[in-house]
Amino acid sequence: MTSSAQPSSPSMSTTVFALAKLTTALETFHSYREGASIQLLLVFLAIAQRKTISAAQIVAEVGLSQSAVSRSVTTLGRGKPGEPGLGLVVQEIDPVETRAHAIKLTAKGKALSKQLAGCLGGPTMNPPDQERCDHARAPSEVFAGAHWEVWVD
């Protein structure tokens with residue numbers, strides 16, 4: 001069953017606004033690697049929320065397999081031979097558990113983390129980064145004249 005609705009109610013416009021900001025953040029992450037998966041984003045976000053994290057902690061937190069986390073960390077970091085990585089994370093030998101690696105953001109990864117937070121309404125960004133996220137801050141302009149369809153089961 002379908003019904004048309006305009007985003008006139010406060011809750012609808014708040015939802016649309018939040019989704020516009022989320023879309024901008026996802027597009028920002030996607031611009032670093034075309035075809036980037038949600039899996040890659042989840043691993044990046046798990047790393048970005050801590051000073052350092054191990055692959056085992058990412059597996060437990062995100063719910064991916066060890067091999068999926070390893071592939072994602074490789075892509076986010078140095079990349080595979082013949083396929084450059086994104087340079088967003090680095091792995092270092094954990095000084096406490098020498099068989100494990102401590103994974104952390106590089107300067108480039110920290111900058112992306114701040115940019116994503118800014119798109120979602122977090123800490124202020126540098127003016128060039130802010131311009132990229134400005135359209136998510138003005139939903140009335142972005143969605144002016146939009147037709148909304150709401151599906152109800």
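The values are calculated or read from the model by the stated rules, or taken from the named source; none is laboratory data. All values reported here derive from a predicted model rather than from experimental measurement. Every residue, glycine as well, gets a Cβ built from its backbone with ideal geometry; the counts of neighbours run over all protein chains shown.
Considering the conditions (1) touching a helix residue (DSSP H, G or I) at 6+ places or on another chain (Cβ under 6 Å); (2) assigned to a helix (DSSP H, G or I); (3) at pLDDT below 90, ALA36 is excluded by exactly one of them, (2). Restricting region 60-78 to residues that are of a type outside the set (S, T, N, Q) and under 15 Å from LYS104 (Cα atoms) leaves a set whose member that is surrounded by the most Cβ atoms within 10 Å (Cβ to Cβ) is LEU76.
Taking the condition of being more than 17 Å from PHE29 (Cβ to Cβ), of a type outside the set (Gly, Ala, Ser) and either part of a helix (DSSP H, G or I) or touching a residue at least 60 places away in the same chain (Cβ under 8 Å) (or both), how many residues in region 46-57 meet it?
Selection size over region 46-57: 1.
Whether any residue in region 85-95 is surrounded by 10 or more Cβ atoms within 10 Å (Cβ to Cβ), at pLDDT below 75 and among the small types (Gly, Ala, Ser) is what I want to check. No, that holds for no residue.
Considering region 38-59 alone, what residues qualify as being exposed (fewer than 14 other Cβ atoms within 10 Å of the Cβ) and either of a type in the set (S, T, N, Q) or over 15 Å from the mean Cα position of the chain (by Cα) (or both)?
GLN49, LYS51, ALA56
For THR28, the requirement of being closer than 20 Å to ALA117 by Cα, touching a strand residue (DSSP E or B) at 6+ places or on another chain (Cβ under 6 Å) and of a type outside the set (A, V, I, L, M) is not met.
Every condition in (1) closer than 20 Å to CYS119 by Cα; (2) assigned to a helix (DSSP H, G or I) holds for VAL73 except the one numbered (1).
Once region 78-119 is narrowed to residues that are among the aliphatic types (A, V, I, L, M) and part of a loop (DSSP other than H, G, I, E, B), the residue that is nearest to ARG50 (Cα to Cα) is LEU88.
If we scan region 66-73, do we find a residue that is modelled with pLDDT of 95 or more and touching a strand residue (DSSP E or B) at 6+ places or on another chain (Cβ under 8 Å)? Yes, region 66-73 has at least one match. Of the residues making up region 41-62, those that are among the β-branched types (Val, Ile, Thr) and either closer than 14 Å to HIS101 by Cβ or in contact with a Ser or Thr (Cβ under 6 Å, 6 or more places away or on another chain) (or both) are VAL43, ILE47, THR52, ILE53, ILE58, VAL59. Tell me whether region 24-37 contains one or more residues that are without any contact (Cβ under 8 Å) to a residue 24 or more places away in the chain and under 16 Å from LEU105 (Cβ atoms). No, the conditions are met nowhere in region 24-37. Looking only at residues of region 100-126 that are surrounded by fewer than 18 Cβ atoms within 10 Å (Cβ to Cβ) and of a type in the set (A, V, I, L, M), we find that the one that is modelled with the lowest pLDDT is ALA100.
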